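Right, one structure below, let's go through it.
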Amino acid sequence: MTRPSTRRALLKRRALFSRCAQRNRRGLGQFVTLLLGCAAAALASADDASFAAVATVSNANGEEIYSRICQGCHMPHGEGAVGAGHYPKLASNVTLASWQYVALTVLGGRNGMPAFGAPAKLVWDGPTVHLSDAQVADVVNYVRSHFGNAYKDRVSASQVAQLPHSTAAAAP
């Protein structure tokens with residue numbers, strides 16, 4: 001037979017353990033919910049047609065194009081990211097001094113970034129978004145004049161049209 005003080009201590013420990021277990025189950029449930037939410041967000045990536053369907057960017061300006069397509073990798077304030085890949089920062093980036101470099105990157109893609117200047121009729125490896133020369137000029141001008149960048153010279157659609165555009169189609 002156990003002594004009353006030992007029995008009380010045992011009951012207190014059981015009650016404490018029960019409360020901790022209950023908190024841990026609640027925390028585990030919240031953690032699982034968070035994981036599922038992150039997984040769902042990861043599935044809605046910039047390569048997903050529902051993320052940036054052609055219809056949603058057909059009349060978009062540079063800022064809207066950036067927010068719908070570019071910020072998924074380059075982040076909302078152009079700070080870039082490192083994780084599953086390397087997404088260069090656009091904020092205060094001296095490389096953006098050359099509008100041609102930026103426009104060619106948008107048109108033809110670079111290091112895993114998709115080409116947005118390919119003709120819309122080409123078949124690619126999944127959903128793609130085609131940007132017109134005017135839209136490429138708009139997003140180039142937006143990036144070069146925001147995020148701590150203050151490049152004053154503006155590019156026009158006719159200047160973008162003179163640059164090489166991606167023409168290689170991926171196998172269907």
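Since every read-out is calculated from the coordinates, none of them should be taken as a lab result. The structure displayed is predicted, hence computed values, not measured ones. Heads up, the Cβs are rebuilt from the backbone with ideal geometry, glycines too, and the neighbour counts pull from every protein chain shown.
Taking a ≥ b ≥ c as the square roots of the eigenvalues of the Cα gyration tensor of region 54-161, is the shape rounded (a/c under 1.5), prolate (a/b larger than b/c) or oblate? It comes out oblate by the Cα gyration axes. Sorting K152, K12, K89 from the fewest to the most surrounding beta carbons within 10 angstrom yields K152, K12, K89.
Report the local net charge at S58: Lys and Arg +1, Asp and Glu -1, summed over other residues whose C-beta lies under 15 Å from its C-beta. Walk me through the intermediate numbers first.
Values: positive: R68; negative: E64, D133, D138.
Summing Lys/Arg as +1 and Asp/Glu as -1 gives -2.
Each Lys or Arg adds one and each Asp or Glu takes one away; over the other residues whose Cβ falls under 14 Å from the Cβ of H74, this sums to +2.
Placing a pseudo-label 7 Å from each Cα along the Cα-to-Cβ vector at R14 and E79 gives an inter-label distance of 5.1 nm.
The residues R13, R68, when put in order of fewest to most other Cβ atoms within 10 Å, stand as R13, R68. Our estimate of slack between S158 and R7, defined as 0.36 nm per intervening residue step minus the Cα-Cα distance, is 45.7 nm. What does the net charge come to around F147 if you take all other residues with beta carbon closer than 10 Å to its beta carbon, with K and R at +1 and D and E at -1? That sum, taken over residues with Cβ under 10 Å, equals +1. Here the residues S132, S58, ranked from fewest to most Cβ neighbours within 10 Å of their Cβ, fall in the order S58, S132.
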